[in-house]
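**Student:** This structure is in structure tokens; I'll ask about it shortly.
The values are calculated or read from the model by the stated rules, or taken from the named source; none is laboratory data. Computed from a predicted structure; not experimentally measured. Neighbour counts run over all protein chains shown; Cβ positions are idealised from the backbone, glycine included. Calculation scope for accessible area: heavy atoms of the full protein, side chains included, ligands and nucleic acids excluded. Shrake-Rupley method; radii C 1.70, N 1.55, O 1.52, S 1.80 Å.
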Amino acid sequence: EERKSRMASAATTRVEASGRGTAAMFEKEDRLAAAPANPEALRAKIAAKVWTLASVRPPRGRSGTGTSGAEERARYATELTAALTKGRKRVRNSAPAEAEDQRKMIVAYDARSGALVDAKKSGRAEIGAATGLVEGRVSTIPKRRPPPKVPEPAWHPPWKLASVVSGHLGWVRCVAFEPGNEWFATGSADRTIKVWDLAKCAAGAEGGLRLTLTGHINAIRGLAISSRTTYMFSAGEDKKVMCWDLEMNKVVRHYHGHLSGCYALALHPTLDLLVTGGRDSCARVWDVRTEKQCMMLGGHTNTVGALACNAVDPQVITGSYDSTVRLWDLAAGKSFCTLTHHKKAIRDLAVAPFEFSFCTGAADNLKKWQCKDGKFLRNLGAGHGAIVNALALNEDGVLVSAADDGSLRCWDYQTGYNFQRLEAKVQPGSLECEAGIYAAKFDLSGSRLVTGQADKTIKIWKEDLSATPDTDPIDMDGWTKQCRQLRLTGRA
């Protein structure tokens, strides 16, 4: 401590001995730092720093005062400043120019053309000329972000009614196509399964009915045709799950276990597994060959009304009347994700054949999800004012939803654009309340849509091949307005 005090005292003595030049320098305003209240403390601080810097010494003149003239005083001040700041000169409370330019994006508004003039690239004279304002009085506004881009939907041809097929004596509740796309089967509330020739029915020709199968004692709610065997599977409200041999046209297996009516049925695409769901609030997995139940997938608190199977996880997707969707891992035998976004009962779901996603339908909305983790992707809109009973999706990205009031809505699956609204009319002799559509399915080519209705008919819809983007354009104005409304309300 004594040594430090001696060194500080010696440095102070040297600075004071330098004469009037150094004193005049301290009397001037220091731009690098605010002057302290006590000038003597500042002198001691600078003297201690100068003493430690061997390369900087107070210049001495001929008179011994260290101030031989104005040039020496200026040079001494420059060296001292450079030594204390180590070559860095910065004005206090100032930001870098580049950061300031990036933070301030200033533009001027052109009142005549409605354009924004960049104030960085344009001088004051150009801004004044562009805005018609006097130089020096240019009003500036902060530059706003560009509005988010509205997704442009793909164009799809409109659909039209091609033919109406009659034959059932009850509501048509389910439809299934065979792998060769030559015929399809329908299940009805009249307890029968009918097999139809697709080409004849689509053309409206006679002789479309091929076969009628009986065996259920209540309404048939689910049908599936195997692509690997000659079997067809059916499920009904009589708690029965049956396996039909289409070569012998008779039942060859029964799957017993459901405690109430079966409402949904699906086949695994790669394994010999059958999945059924019903009013007992669970989905049951069956071994097709042994008729034994492999596992019971429980967790729902209401009827399981929709089922889908994938070759990879989630291998089973279930939708329930309790407004939830569950994704199941068959290896673990439990669900790994529960989706609770819907507020109404889920009666059907459709898996995209061209990407790993699926769509669920309920009375509140249609929602699109990612398969692997159940991530919510988007709302497709509430296009119906009634309960949505059926969904169908083809390879072209056309999603069709059908409701209780006979309304059909056609959507672009990628963007959610509703490009067509159809209303199914009831047949003569039926009530207006029997316009409801309970089943919808695309054939394997995706060019024909088959719907089953409450008026006991089967309707076949086709694309209008004469339509073009010029005759049926996309309503971009309405679509843009809808996107902005969804974004403002937070439902996009």
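**Student:** Whole angstrom only: what separates the Cα centroid of segment 417-454 from the Cα centroid of segment 300-318?
**Tutor:** 25
**Student:** If you average the sequence gap of Cα pairs under 8 Å that are 6 or more apart and divide by the length of segment 312-384, what percent do you get for the contact order? Could the numbers behind the result be given before it?
**Tutor:** Numbers: 156 pairs, mean separation 15.7, N = 73.
Over segment 312-384, the number comes to 22 percent.
**Student:** Once amide H atoms are built 1.01 Å from N in the peptide plane, which residues 5 or more positions from Asn218, or in another chain, come under 5 Å H to H?
**Tutor:** Asp238
**Student:** In nm, what is the difference between 0.36 nm times the number of residues separating Leu377 and Arg210 and their Cα-Cα distance? Write out the running numbers ahead of the final one.
**Tutor:** Numbers: separation 167, 0.36 × 167 = 60.12 nm, distance 4.26 nm.
Contour length minus Cα-Cα distance gives 55.9 nm.
**Student:** Counting only residues 5 or more places away or on other chains, whose amide H sits under 5 Å from the amide H of Arg173 once H atoms are built in the peptide plane?
**Tutor:** Gly187, Ser188, Ala189
**Student:** Can you work out the FRET efficiency for the pair Gln485 and Asn218, with r the C-beta to C-beta distance and R0 = 56 Å, to the nearest 0.05?
**Tutor:** The calculated FRET efficiency here is 0.80.
**Student:** What does the accessible area per residue of segment 341-492 come to in Å², with a 1.4 Å probe and no ligands, DNA or RNA counted?
**Tutor:** Working: 6720 Å² over 152 residues.
I get 44 Å² per residue for this part.
**Student:** List the relative contact order of segment 155-304 as a percent without decimals, with contacts defined as Cα pairs under 8 Å and 6+ residues apart. Intermediate values should be presented prior to the final figure.
**Tutor:** On the way: 362 pairs, mean separation 19.9, N = 150.
Computed over segment 155-304, the figure is 13 percent.
**Student:** Gap in Å between the Cα centre of segment 375-390 and the Cα centre of segment 184-219?
**Tutor:** 30
**Student:** Tell me, what % of the accessible area of segment 365-492 is carbon and sulfur with a 1.4 angstrom probe? Each step should come with its number before you reach the end.
**Tutor:** On the way: 2800 of 5750 Å².
The nonpolar share, carbon plus sulfur, comes to 49 percent.
**Student:** Hey, what did segment 388-492 get for relative contact order, percent, Cα under 8 Å, at least 6 apart?
**Tutor:** Details: 170 pairs, mean separation 19.5, N = 105.
Averaging sequence separation for qualifying contacts and normalising by length gives 19 percent for segment 388-492.
**Student:** Amide H of Cys282 versus every other amide H placed in the peptide plane: which residues, excluding those fewer than 5 positions away on the same chain, fall under 5 Å?
**Tutor:** Correct list: Val304.
**Student:** Once ligands and nucleic acids are excluded and a 1.4 Å probe is used, how much of Lys481 is accessible, expressed in Å² to the nearest 10?
**Tutor:** Counting only protein heavy atoms, Lys481 exposes about 130 Å² to solvent.
**Student:** Apply 1/(1 + (r/R0)^6) to the Cβ-Cβ distance of Leu259 and Asp329, taking R0 = 25 Å, and write down the FRET efficiency to the nearest 0.05.
**Tutor:** Details: r = 24 Å, r/R0 = 0.97.
Computed FRET efficiency for Leu259 and Asp329 comes out at 0.55.
**Student:** Set the bar at 27 Å for Cα to Cα. Now go through Lys372/Lys481; Lys200/Lys441; Lys200/Lys367; Lys375/Lys462; Lys343/Lys441; Lys149/Lys367 and name every pair that lies beyond it.
**Tutor:** Values: Lys372/Lys481 32 Å; Lys200/Lys441 17 Å; Lys200/Lys367 36 Å; Lys375/Lys462 33 Å; Lys343/Lys441 25 Å; Lys149/Lys367 21 Å.
Beyond 27 Å between Cα atoms: Lys372/Lys481; Lys200/Lys367; Lys375/Lys462.
**Student:** Could you give each residue of segment 210-226 its phi-based ³J(HN,Hα) in whole Hz, using Karplus coefficients 6.51, -1.76, 1.60 with θ = phi - 60°, and x for Gly or Pro?
**Tutor:** Once θ is set to phi - 60°, the couplings for segment 210-226 become 9, 7, 10, 10, 10, x, 7, 10, 8, 4, 8, 10, x, 9, 8, 10, 6 Hz.
**Student:** Could you work out how far apart the two model spin labels at Ala203 and Cys433 are, taking each label as a point 7 Å from the Cα in the direction of the beta carbon, and quote it in nm?
**Tutor:** 4.1
**Student:** Rounded to whole Hz and in sequence order, give me ³J(HN,Hα) for segment 155-169 from the Karplus expression 6.51 cos²θ - 1.76 cosθ + 1.60, θ = phi - 60°, writing x for Gly and Pro.
**Tutor:** These are the phi-based 3J(HN,Hα) values: 7, 10, x, x, 10, 9, 6, 9, 7, 10, 10, 10, x, 7, 10 Hz.
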